[in-house]
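Read the figures in this text as sums done on the coordinates, not as results from a lab. Here the structure is a predicted model, which is why all the values come from computation and not from measurement. Heads up, the Cβs are rebuilt from the backbone with ideal geometry, glycines too, and the neighbour counts pull from every protein chain shown.
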Amino acid sequence: MQLRCFIVIDLKKGAFKPDYAGKMNFYCNVVDDLLKNKTDYPTIGLILCQDKKKIFAEYTLRNINKPIGVSEYELTRALPNKLKSALPTIEEIEKELGKDVISNNTKKDRKKKPKK
C-alpha cells in the first residue's frame, strides 16, 4: 500500500496555540493547490508542540475539514546511537544545501547577460 499525499510538519517551541491550526490549514491548502497531483490524497498537516494542550487542540480543530493533527515532542540533549548513523551530519546537510545555492546562483547568472 502506498500513501500518495504530502505531509506538512510544523515544529513549534512551547505550548499549542489555536492560531497554529489556521496557519497549518493555510499551508495544506497551498500544497494542495500548487503541488498535489489529481491522484494524490489531501495533504496531511501535523503540528508538533512541546505541550499540545489537548482541550485547546480539540476545540481548535473541531470544524477544520483538513486532516490536521497535534502532537507533543520532547527534546533530548543526546541523539541515540541508533539514530546517529541513520542521519546525515550537519556538515553533510550544509554541503548538500550549498549545492542548491550554487546551482540557483549559476542559473540566475546565466539569465543576467550584460546588454551591449
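The table for this structure:
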quantity	calculated
Calculated FRET efficiency for the pair residue 81/residue 51, C-beta based, R₀ 30 Å, to 0.05	0.60
Under 14 Å, Cβ to Cβ, from residue 48 - net charge with Lys/Arg +1 and Asp/Glu -1	+2
Cα-Cα P(r), segment 1-48, percent of pairs per 10 Å interval	27, 48, 21, 4
Shape category assigned to segment 7-111 from the gyration tensor of Cα positions, a/c cut at 1.5	oblate
